[in-house]
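The values are calculated or read from the model by the stated rules, or taken from the named source; none is laboratory data. All of these numbers come straight from a predicted model, not from anything done at the bench. Note that we place each Cβ from the backbone using ideal geometry, even for glycine, and neighbour counts take in every protein chain shown.
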């Protein structure tokens, strides 16, 4: 109660004097213990040298107890004085004479020892806490440092995932796609050359050729959705016209991006449109869709809307028990988009009342 | 007919050489990058150049750039660009100004051997071969306007015109009569406010200019 109103310098002085008294207590009691111990030890060993020494030892062994009385009451007086002078707090003196036989003598001695034992470590701890608070980073600063570290590592991971996607695209382009094209081309040549071959052989070749062509188209569609070379080369506008033209329903496209955004942002915007149109084609039963991409200041806003049946929701995170319900695949697709937008501090919102129309809006920071 | 071929994948280069040879062409040179292509064109002066878009060193649009150089330096030479993905942007670069003796096709089309050889023939004869996918991309841009006034059949005809087909090509593709095609074409030109022309590649240019504007 008192402590609240007490000025800092007074408390400081109280602690400082307390420390001094503690030190005094330790020195006095230590010296007494040393003298007493030495005397008792010498008597137990058997006194040697001048006979007067034996007398000194006996007097010391017995008399060392006497200053204890002064230590208890005298130091008690000093401690009370300390509280009165520094903190203006009066602690009453217990009644009765200064006697070692009274319990209060040992109680007071106990306080002096406790003060010596506790005050110092407490002060050390307070000092450490103060040093941590004032010399080290504040909690806010520590959090800032942590956030910076996390943001850096996250940006690294986004860039690494981007690079990985480019590498896979390149590998497929140089490997599987060329090999499959070569196969389809050879089958095509065989088909053209073997017009007069026996029917079973011709049918087999025709089927193989058709299959190879179909596989080629599917692989091309897949790779195109991943990371097209034209995106790096010519930007969003050029890359998006490719996927919008291939959608199985009419798609309007408007791109208004005067200066290009960072490659990782363009990649996400492209991926969003690609995935959103795939979702619309699979689930929305739409007759048409609109894609708008607009840069305002440092924000890139991607909107994909359709006139389908609506009811699209962002599904639970992967592995969180997405059931086999019809909408779940669309939902997890949207969840993937939301996660990719969030990986660069972007946002995704879906407005999709039952019966439609559906509008998906993704906002991304451009840098 | 002599051809110079540029394609960085050895597998496809070999396959295309076989295909072209089988189609009656003489492959004068088959090279793996744009610089070698320009050297080979200067050396052999072929009738036709077939070039892949994505080649070393950057694997982006080297083929388009090389094709543009060839078209500038040898105006009479037929150039067909093949690409893993057709991009409207690249088509616009390639077709700006003159659409005669030029082709831009999806690489996968080479597997449809007779159709591919027919497209090469069309380009060699002074025409255009534009991949249907490119035309679709161009038409996406113009969905909201006068294109809406065209009937579905007229839109089909417009698409085939943009691909570079002649009237008889359209007759074959749509299985309709010659006079019907002529009627569709003149109706399209009226609706889109284009000046009618009989020369096929000028007609392509008019259609593309319209789609691109």
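Can you go through B:49, B:31 and tell me which one is assigned by TED's automatic domain parsing to the domain that holds residue B:122 and either within 26 Å of residue B:162 (Cβ to Cβ) or modelled with pLDDT under 95 (or both)?
B:49
Determine if the range B:90-111 includes at least one residue that is within 11 Å of chain A (Cβ to nearest Cβ), farther than 28 Å from residue A:250 by Cβ, in contact with a helix residue (DSSP H, G or I) (Cβ under 8 Å, 6 or more places away or on another chain) and not in a loop (DSSP other than H, G, I, E, B).
Going residue by residue through the range B:90-111, those that are within 11 Å of chain A (Cβ to nearest Cβ) are B:90-93, B:106-111.
This time we only want the ones that are farther than 28 Å from residue A:250 by Cβ, so: B:110-111.
From the residues that got through so far, the ones that are in contact with a helix residue (DSSP H, G or I) (Cβ under 8 Å, 6 or more places away or on another chain) too are B:110-111.
From what's left, not in a loop (DSSP other than H, G, I, E, B): B:110-111.
Looking for residues that are within 11 Å of chain A (Cβ to nearest Cβ), farther than 28 Å from residue A:250 by Cβ, in contact with a helix residue (DSSP H, G or I) (Cβ under 8 Å, 6 or more places away or on another chain) and not in a loop (DSSP other than H, G, I, E, B), one finds at least one in the range B:90-111, hence yes.
Would you point out the residue of the range A:224-235, among those that are facing chain B (nearest Cβ under 8 Å) and either in contact with a strand residue (DSSP E or B) (Cβ under 9 Å, 6 or more places away or on another chain) or not in a loop (DSSP other than H, G, I, E, B) (or both), that is farthest from residue B:90 (Cα to Cα)?
Once the filter is applied, the top-ranked residue is A:224.
Please enumerate the residues belonging to the range B:134-154 that are surrounded by fewer than 23 Cβ atoms within 10 Å (Cβ to Cβ) and either under 11 Å from the mean Cα position of the chain (by Cα) or modelled with pLDDT of 85 or more (or both).
The answer is B:151, B:152, B:153, B:154.
Might you check whether a residue that is more than 10 Å from chain B (Cβ to nearest Cβ) and either farther than 23 Å from residue A:293 by Cβ or at pLDDT 90 or above (or both) occurs anywhere in the range A:180-191?
Within the range A:180-191, none of the residues are more than 10 Å from chain B (Cβ to nearest Cβ) and either farther than 23 Å from residue A:293 by Cβ or at pLDDT 90 or above (or both).
Residues are listed down the side, and each one gets a yes or a no for (1) away from chain B (no Cβ under 14 Å); (2) part of a loop (DSSP other than H, G, I, E, B); (3) surrounded by 12 or more Cβ atoms within 10 Å (Cβ to Cβ):
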{"residue": "A:111", "(1), (2), (3)": "yes, no, yes"}
{"residue": "A:117", "(1), (2), (3)": "yes, no, yes"}
{"residue": "A:123", "(1), (2), (3)": "yes, no, yes"}
{"residue": "A:148", "(1), (2), (3)": "yes, no, no"}
{"residue": "A:162", "(1), (2), (3)": "yes, no, yes"}
{"residue": "A:174", "(1), (2), (3)": "no, no, yes"}
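Please verify whether residue A:77 is modelled with pLDDT of 85 or more, assigned to a helix (DSSP H, G or I) and closer than 30 Å to residue A:270 by Cα, treating the condition exactly as stated.
no
Does any residue in the range A:184-209 that is assigned to a helix (DSSP H, G or I) come within less than 7 Å, Cβ to Cβ, of a residue that is surrounded by fewer than 13 Cβ atoms within 10 Å (Cβ to Cβ) six or more places away or on a different chain, and which pairs are these?
Pairs found: A:192/B:114.
Give A:58, A:40, A:52 a once-over and let me know the one that is exposed (fewer than 11 other Cβ atoms within 10 Å of the Cβ) and either without any contact (Cβ under 8 Å) to a residue 40 or more places away in the chain or assigned to a helix (DSSP H, G or I) (or both). Spell out the reasoning first.
Working: A:58 fails: exposed (fewer than 11 other Cβ atoms within 10 Å of the Cβ); A:40 fails: exposed (fewer than 11 other Cβ atoms within 10 Å of the Cβ).
None of the others qualify; the one that does is A:52.
Where residues in the range B:21-47 are over 26 Å from residue A:170 (Cα atoms) and crowded, with 23+ Cβ neighbours inside 10 Å, which of them is nearest to the other protein chains (Cβ to nearest Cβ)?
B:46
Determine which single condition residue A:282 fails, assuming it passes every other condition in (1) under 27 Å from residue A:166 (Cβ atoms); (2) at pLDDT 90 or above.
Among (1) under 27 Å from residue A:166 (Cβ atoms); (2) at pLDDT 90 or above, residue A:282 violates only (2).
This table checks each residue for (1) assigned by TED's automatic domain parsing to the domain that holds residue B:80; (2) at pLDDT below 85; (3) over 19 Å from residue B:88 (Cα atoms).
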{"residue": "B:158", "(1), (2), (3)": "no, no, no"}
{"residue": "B:166", "(1), (2), (3)": "no, no, yes"}
{"residue": "B:174", "(1), (2), (3)": "no, no, yes"}
{"residue": "B:182", "(1), (2), (3)": "no, no, yes"}
{"residue": "B:192", "(1), (2), (3)": "no, yes, yes"}
{"residue": "B:196", "(1), (2), (3)": "no, yes, yes"}
{"residue": "B:201", "(1), (2), (3)": "no, yes, no"}
{"residue": "B:206", "(1), (2), (3)": "no, yes, no"}
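Give the number of residues within the range B:1-20 that are touching a strand residue (DSSP E or B) at 6+ places or on another chain (Cβ under 7 Å) and either surrounded by 20 or more Cβ atoms within 10 Å (Cβ to Cβ) or within 14 Å of chain A (Cβ to nearest Cβ) (or both).
Selection size over the range B:1-20: 10.
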